[in-house]
Amino acid sequence: MSEDSFKPVSNDESNPTAINDLLDELEDSMDDVGQIKRKFMPRILPDDDEFNSSQVPIDTISKKEVQELIESFPKPMVQKPLQPGSSPSDEDNRFLCWNNVGIIRSQKSEEDQSIDVMFHDTERHSSVNFKNELNFSLGSMSDDVIVVGSNGNYGTGPSTIRGINLLEANREQREWNIDLPHVELIEALAVGTGFVAVATDQRYLRLFTDSGMQHYLFTLPGQILCMTAYENQMMLIYHDGAGHSDDQNLSMFVYQVDLKADIFRQVLKNVPVALSKRSPLAWAGFSDEGTPCTYDYSGTLRVYRQDLGNVWIPMLDLRSLTTSALDHYYVVGVSEITQVVKAVKCKRSRFPAFTTEAAELVNFSLPMCELDTDRGRLEEEHIRLRLAGSSYKRLINNESLRSFAEPASDTTQKQLVNTVLRLFAMYLKQDREELAKNLVYMIPKDHMSKLPEFAWKINRPQYFIDALNRAIEEREQLEQDMKASQEEDSLSLLSINSHHSFGKDLRRELDKSNNNEVDNKLKPIPLDKLTTNTHSKDNNNKAPIDDDSGDENDAKQAKRSKSVNYNLFSKNKRPRVA
């Protein structure tokens, strides 16, 4: 087959004869698929850029354009580690720690550097002062221990921890120092009852006793953001992966720590930390009653309520209390019993002046709707008092807080009844009878009858009073059903436990009986021991034999040695001894 025959088929030649010739040529060249494609594809398909990919132009992109494209994508916010209650580290005079116990301040001058520690309760402890020759930049304190940390003069190491145990009677032995490995930098400090916690950039969590002895070492699941402690509780907030755009993805762990009892266990695990949109975390800590709290740069203070469904409740918007956009509040503590936030108001700054030593108390105020109206204010007060009442019920179970929580609970209940009655009157004044009837389910149970009495006194229609009475009966029935359901659940749980207990007791008794049976069974004696013992007994019990009885003994021995002819398969009786 010559090359002249491989000419393109024109439109004029599109006839059956030409097609048959082309097919014959294809059959002759089936051995080389590549050759077929090179020679016949131009004759089958038009010579166009749409079908010839080798002729498509390739746009060249420079490295600079690729870099600009990458940088144009929004990066997730990753906040650097913060020490709650501290001020920026680039200031010469700054706060290392400010909490409910006291204040740790660092002063730097051309001549000297020092650390000052002041306690709020001056009757319990006097102030402490020592030189800052190691450039301590982090601090934390409890009622009994002061701890500061240093990452070296330039923040690159070596890292050192210094602790002062105020419970130590010997003043010369109060202070202790520990050097961390050169590859580790301190990122967070926390002091609780009997323990000191240190988190490092190598994601290590190191636990020490209040006297400086190393006790535990753990690896954190992510980069630490902050750490705080209260009595035997410790809270860790860390980056749990990348967030979306300007939002962070933070999670919280809460541990119970008691090194003397060798206890270190999780109380809360992987709790998502709620923050305002595009707002970094400004402070985190425990309330005076041991509840986790957070405060972000938007000015919102939140309290974590596990008893209400594991939710973060915004208890106060501190930003709404400022008159200027440049003013901020610096939070140092929270109290659930008194329902206040301890904070310092900062003029044109986020951090207080170095000479500040006192914080003000700001009452809780939930960011509800229509707070500029009487209805909005009463509804906010109603919800806040109900939240406070549920908090007091939880705190009453704590023996150390019961003496404070019980009086506060009684006062709050009286205030709640008064607020509900005021809301009831306002709803009736606005002819919102359905809203007024809903308050039957929200007023304390012992005061439900006050609502129909109040409606009767102000001459409300009888049908409305009857509706209130029906709502009261419905609430009582609901509470009875709920109580019965709880009792059934308790009985079911008790029955399950009793079955488990019965099974355990039964297995225990069976094990005992089996053990007794095994003990009571006669164990076979080895043959060698049996023979040896028999011979020894015979020898020991053998009595001296007179010569006269020799013939008689020989006769007996001969009789015992005679064989017995006994066929097991014989139907006859047992044969006699021959």
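Taking the stretch 81-122, which residues are in a loop (DSSP other than H, G, I, E, B) and closer than 22 Å to Asp201 by Cα?
Correct list: Pro81, Leu82, Gln83, Pro84, Gly85, Ser86, Ser87, Pro88, Ser89, Asp90.
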| request: Look at the stretch 156-181 and say how many of its residues are part of a loop (DSSP other than H, G, I, E, B), modelled with pLDDT of 85 or more and either of a type in the set (Phe, Trp, Tyr) or crowded, with 17+ Cβ neighbours inside 10 Å (or both). | output: 4
| task | Would you point out which residue out of Thr209, Thr200, Thr228 is in the same structural domain as Asp296 (by TED's automatic domain parsing), in contact with a His (Cβ under 8 Å, 6 or more places away or on another chain) and buried (at least 16 other Cβ atoms within 10 Å of the Cβ)? | result | Thr209
| Within the stretch 225-248, can you find the residues that are within 14 Å of the chain's Cα centre (by Cα), in contact (Cβ under 8 Å) with a residue 24 or more places away in the chain and farther than 28 Å from Leu166 by Cα? | Ile237, His239, Asp240
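Counting just the residues of the stretch 327-347 that are assigned to a loop (DSSP other than H, G, I, E, B) and touching a residue at least 40 places away in the same chain (Cβ under 8 Å), which one comes out nearest to Thr291 (Cα to Cα)?
Glu336
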| field | Total residues in the stretch 421-441, condition under 20 Å from Glu479 (Cα atoms) and either touching a Ser or Thr at 6+ places or on another chain (Cβ under 8 Å) or crowded, with 16+ Cβ neighbours inside 10 Å (or both) | value | 3
| message | Of everything in the stretch 83-123, what is of a type in the set (Phe, Trp, Tyr) and either in contact with a Lys or Arg (Cβ under 8 Å, 6 or more places away or on another chain) or not assigned by TED's automatic domain parsing to the domain that holds Ala353 (or both)? Give them in sequence order. | response | Phe95
| Those strands (runs of 3 or more DSSP E) lying entirely in the stretch 256-326 with at least 1 residues over 18 Å from the mean Cα position of the chain (by Cα) and surrounded by 15 or more Cβ atoms within 10 Å (Cβ to Cβ) | 281-286, 292-296, 300-305, 311-317
| field | Residue within the stretch 368-384 that is under 23 Å from Ala229 (Cβ atoms), in contact (Cβ under 8 Å) with a residue 60 or more places away in the chain and either surrounded by 13 or more Cβ atoms within 10 Å (Cβ to Cβ) or assigned by TED's automatic domain parsing to the domain that holds Gly285 (or both) present | value | no
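Does Ala358 satisfy being assigned to a loop (DSSP other than H, G, I, E, B), of a type outside the set (Val, Ile, Thr) and under 21 Å from Trp98 (Cβ atoms)?
yes
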| request: May I ask you to verify whether Glu184 is free of Cβ contacts under 8 Å to residues at least 40 places away in the same chain, buried (at least 18 other Cβ atoms within 10 Å of the Cβ), in the same structural domain as Ser114 (by TED's automatic domain parsing) and of a type in the set (Asp, Glu)? | output: yes
| request: Give the residue that is surrounded by the fewest Cβ atoms within 10 Å (Cβ to Cβ), with candidates limited to residues of the stretch 123-144 that are part of a loop (DSSP other than H, G, I, E, B) and in contact (Cβ under 8 Å) with a residue 60 or more places away in the chain. | output: Asp144
| note | Counting only residues in the stretch 72-113 that are basic (Lys, Arg) and closer than 15 Å to Gly139 by Cα, the one surrounded by the fewest Cβ atoms within 10 Å (Cβ to Cβ) is identified as Arg94
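To keep it simple, each residue is scored yes or no on (1) within 34 Å of the chain's Cα centre (by Cα); (2) at pLDDT below 90; (3) of a type in the set (A, V, I, L, M).
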| site | (1), (2), (3) |
| --- | --- |
| Ser72 | no, yes, no |
| Gly85 | yes, no, no |
| Glu110 | no, yes, no |
| Val117 | yes, no, yes |
| Asp121 | yes, no, no |
| Asn132 | no, no, no |
| said: Exactly one condition in (1) surrounded by fewer than 16 Cβ atoms within 10 Å (Cβ to Cβ); (2) modelled with pLDDT of 90 or more; (3) closer than 22 Å to Phe95 by Cα is false for Leu217; which is it? | reply: (3)
| Does Glu399 satisfy being exposed (fewer than 13 other Cβ atoms within 10 Å of the Cβ) and over 33 Å from the mean Cα position of the chain (by Cα)? | no
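The values are calculated or read from the model by the stated rules, or taken from the named source; none is laboratory data. As the structure is a prediction and not an experimental result, all values here were calculated from the model. Ideal geometry is used to build each Cβ from the backbone, glycine not excepted, and the neighbour counts take in all protein chains shown.
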